[in-house]
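What follows is one structure encoded as C-alpha cells, with my remarks underneath.
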Amino acid sequence: MNEYYDLNTKYAKLTTGFKARDSRPVIGITSTFNDAQSQLNQVYYTSIVKAGGVPYIIPPFDVLAEGGWTDDILDSLDGIVFSGGGDVNPLYFNEQPIPDLHAVATERDEMELLLVRRSADKQIPILGICRGIQVMNVAFGGTVLQDIYAQGDNVWIKHSQNAPRFASSHTVSLEPGSLIARIYGKQELAVNSFHHQAVGQLAPGFKVTATSPDGVIEAMESTEYKSVLGVQWHPECLGNTWDTPSNVFTWIVAEAKSFKEAKEIHKRVLSLDSHCDTPMFFGQDIDFGRLDPTLKMDLFKMTQGRLDAVVMVAYLKQLERDEKSLMEATAKADKLLTGIETMVNAHSDVVSIAYTPEDLYRNKAEGRKSIMLGIENGYAIGKDLSNIERFRKRGVVYMTLCHNGDNDICDSAKGNHEHGGVSPFGEQVIREMNRVGMMVDLSHAGDESFYDALEISSTPIVCTHSSSRALCAHPRNLTDDQLRALAKAGGVAQVNIYCDFLRDNGTEASVVDAVNHLNHMVDVMGIDHVGIGTDFDGGGGVPGLDNASDLITFTRHLLRQRYSADDLRLFWGENFLRVMRIAQSQCKGAL
C-alpha cells in the first residue's frame, strides 16, 4: 500500500451513499490567452461552483476554422459567462485605434464576438463581465469607448483601482425595476473597478441599467425579456463566501437551470406551431436551410427554438370571385403547396412532410423536423367541392375558411357580412371537409360564421392563430363566449403572436402579452383547449418572441407561470393533434 496516498480509500468516499439528485447546469466560461496558454482566474469557476453550477472552461479557438466545434460546445452548455481581459480591437466596431488603446486580445475577439451571437441565437443565458459586457455590446451592433478618459464625457472617477480586487472603489446606481436591481435588491451598489474601456453606443435590443456617478455605463440587459446581462465590474471578486456566492452568479446558474429544464422538456415533448406563412416569401431568394435573415422560420431557427413541427400554409389573398380569379386562386394554392414540397425535398435528410400525428412522432424519434401542409383562405377551392378532396389527398391537414374579406364560403371578421355567417355553399364545404378528414379552421372568420360553423361541423373546430378579444379588442380575436363554445365542442384555440392581436391602441406588444393571452384562454377554456400558432412570416413576432428561435424561451416563460411539463405537452401540440386525430379518424372514403 502506498503510505503517502491511498487512492482506493479516497475513491470509496467519492462513490459511497448513492442517492438520486438533479444534475447541475453546465456553465461555460471564456478564458484569456497569454504566453501560448489558456488562463482563467480561479474565482470565476469557484463562483460557478458556489452558485450550484458546473464550470466548463472554453479556451480561445478559431470558431470558423473548427466548424462544428462551436455548436458542439454550445449545445453542451446551459449558460455562458464571458470573462474579463484585454481591450477589444476597435476595428470590430469600425473605428481606428486611438493612442490610449491598450493591448488588444487578438486571440479572443473574433471568437467571442461570434460565440456571443451564436449563444444568443440558441437562447443560452449569457452573463458578460468587464470585457465581457463590451464584447456583448459590439457583437450586437454597439461600440466601445476605447478609453473613457479620452473619449468619455466628464469622466472623473478612477475606474482602474489600485486596491485589492475584493475591495470596492466606487458606487453605481441601479435602474429601479431593472433585472440587476432585482438581483441585488437595492438601487445603489458598491463595486470594484478594473477598466479603462466601457460600453459606448448601446446596441439595439439592450438598455442601460446601471451607471457610475460620472455617467459611465456599468450594466446593460436585454429589452426582450431574454436572459442576457452584462456588468462592468468584477462580481466574482466581491462578497463571495463559500455559502454565499455573488448574486449575479446565483442568477446565471438559476437561468441556466431553467434553460436546462426547458431543453429537457422539449426532448420529451412534441412541439408543433400550428400556423406559419413562410411560403409567402417563395421567389425572394430565401434559403430554408440556412439562418436566413428574411425568415422567421427556417431549419436553424426551428432547431435553436427546439421546434419539432410546423404547419406551413398556402396563403391566398382575398381577391375577385369571378370564374377566372377563382381558377387562378386554385392554381396559386397548388403552386404554393408544390413549393413547400420542393423546399422540404431539398433538405430531405433532416426534414419531411408529415400527414398524420403518427408521422410527427416518428420523425421526432428519428431526429427529423416535420412540415405539415395547410391552406389559408377557402378561396383556394373556388366553387368546386372536389378541390377539397384533391387538396386533402395532397396532404392538407386544415383549411382556414376565409381571410380578410368575405368569400363564397363565409363572412370574414374584416368583411361586409354579406352572408350573415356561413353561406349554403359554405355548409357544403364544411361537411365535405369533415368527410375527407380535413380540419376546419375558423381564424379570420366573423362571429356569425364562427357559431354557424361550430354547429355545422361534425368534428371539433380549430382556430389556428387567434388570441383573446377580452385582452385585445380586435375582431380577429375570440370573445370569451366563443372560447367557451369552442371548448365545449372539443376544439382548440392557438395563441397568435401578432402584435395587433395582442395589445390595443397600437402600442408594442411583447412576449409578456403572449403569455397573458395564453393564461386568459386557459382560464376561460381549460388547459385541454389551448395551443400556439405563431403566424411567423405572416406578420407574427414580438420582442422576446420574434422568430422560431425564441420558442424555447417562450417555454421558459410558461414554466415560470403555473404550468408543468405535462401542461406544456398539451400546449405544444397534443391539444391540436387530438382534434387532428378525430378529424382524420372520421374520414369517409379511401384518401
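The values are calculated or read from the model by the stated rules, or taken from the named source; none is laboratory data. Please read all numbers here as calculations on a predicted model, not as lab measurements. With ideal geometry, Cβ positions are generated from the backbone for all residues, glycine too; neighbour counts draw on all protein chains shown.
Looking only at residues of region 138-178 that are within 21 Å of L40 (Cβ to Cβ) and not charged (D, E, K, R), we find that the one that is nearest to the chain's Cα centre (by Cα) is A139.
Among the residues of region 547-560, are any of a type in the set (A, V, I, L, M, F, W, C), buried (at least 24 other Cβ atoms within 10 Å of the Cβ), farther than 29 Å from R290 by Cα and in the same structural domain as D277 (by TED's automatic domain parsing)? No, every residue in region 547-560 fails to be of a type in the set (A, V, I, L, M, F, W, C), buried (at least 24 other Cβ atoms within 10 Å of the Cβ), farther than 29 Å from R290 by Cα and in the same structural domain as D277 (by TED's automatic domain parsing).
For region 81-137, filtered to residues that are under 23 Å from A219 (Cβ atoms), of a type in the set (A, V, I, L, M) and not in a helix (DSSP H, G or I), the residue that is farthest from the chain's Cα centre (by Cα) is A105. I'd like to check something: does region 433-451 contain any residue that is surrounded by fewer than 20 Cβ atoms within 10 Å (Cβ to Cβ), touching an Asp or Glu at 6+ places or on another chain (Cβ under 8 Å) and within 18 Å of A485 (Cβ to Cβ)? Yes, there is a match, as at least one residue in region 433-451 is surrounded by fewer than 20 Cβ atoms within 10 Å (Cβ to Cβ), touching an Asp or Glu at 6+ places or on another chain (Cβ under 8 Å) and within 18 Å of A485 (Cβ to Cβ).
All told, D292 falls short of being closer than 21 Å to D546 by Cα and buried (at least 23 other Cβ atoms within 10 Å of the Cβ). Of all residues in region 9-25, those that are among the polar types (S, T, N, Q) have Cβ atoms under 9 Å from Cβ atoms of residues that are at pLDDT 85 or above, 6 or more apart or on another chain, in S23/V54; S23/K260. All of D87, D35 fail the test of being without any contact (Cβ under 8 Å) to a residue 24 or more places away in the chain, charged (D, E, K, R) and over 27 Å from A262 (Cα atoms), apart from D35. From the list S549, S510, the one residue that fits, being farther than 28 Å from V440 by Cβ and in contact with an Asp or Glu (Cβ under 7 Å, 6 or more places away or on another chain), is S549.
Of the set (1) buried (at least 17 other Cβ atoms within 10 Å of the Cβ); (2) among the hydroxyl-bearing types (S, T, Y); (3) over 21 Å from I126 (Cα atoms), all apply to T171 but (1).
Which strands (runs of 3 or more DSSP E) does region 421-536 wholly contain that include 1 or more residues that are within 24 Å of D550 (Cα to Cα)? Filter on region 421-536 gives 492-495, 530-532. Selection within region 481-514: residues that are within 15 Å of the chain's Cα centre (by Cα) and of a type in the set (S, T, N, Q). The member of this set that is farthest from V530 (Cα to Cα) is S510.
Looking at this structure, is D72 assigned to a loop (DSSP other than H, G, I, E, B), modelled with pLDDT under 95 and either surrounded by fewer than 19 Cβ atoms within 10 Å (Cβ to Cβ) or not β-branched (V, I, T) (or both)? Answer is no for this residue. Taken over region 24-45, the criterion of being within 28 Å of the chain's Cα centre (by Cα), of a type in the set (A, V, I, L, M) and either farther than 12 Å from P59 by Cβ or not assigned by TED's automatic domain parsing to the domain that holds I129 (or both) is satisfied by V26, I27.
Yes/no matrix, rows are residues, columns are (1) modelled with pLDDT of 95 or more; (2) of a type in the set (F, W, Y); (3) in contact with an Asp or Glu (Cβ under 8 Å, 6 or more places away or on another chain):
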position: P60; (1), (2), (3): no, no, yes
position: G67; (1), (2), (3): no, no, no
position: G79; (1), (2), (3): yes, no, yes
position: P97; (1), (2), (3): yes, no, no
position: A103; (1), (2), (3): no, no, yes
position: C130; (1), (2), (3): yes, no, no
position: G142; (1), (2), (3): yes, no, no
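Out of all the residues in region 305-313, is one or more farther than 21 Å from P357 by Cα, buried (at least 22 other Cβ atoms within 10 Å of the Cβ) and not charged (D, E, K, R)?
Looking for residues that are farther than 21 Å from P357 by Cα, buried (at least 22 other Cβ atoms within 10 Å of the Cβ) and not charged (D, E, K, R), one finds none in region 305-313, hence no.
Number of residues in region 452-472 that are buried (at least 23 other Cβ atoms within 10 Å of the Cβ) and farther than 23 Å from D513 by Cβ: the value is 4.
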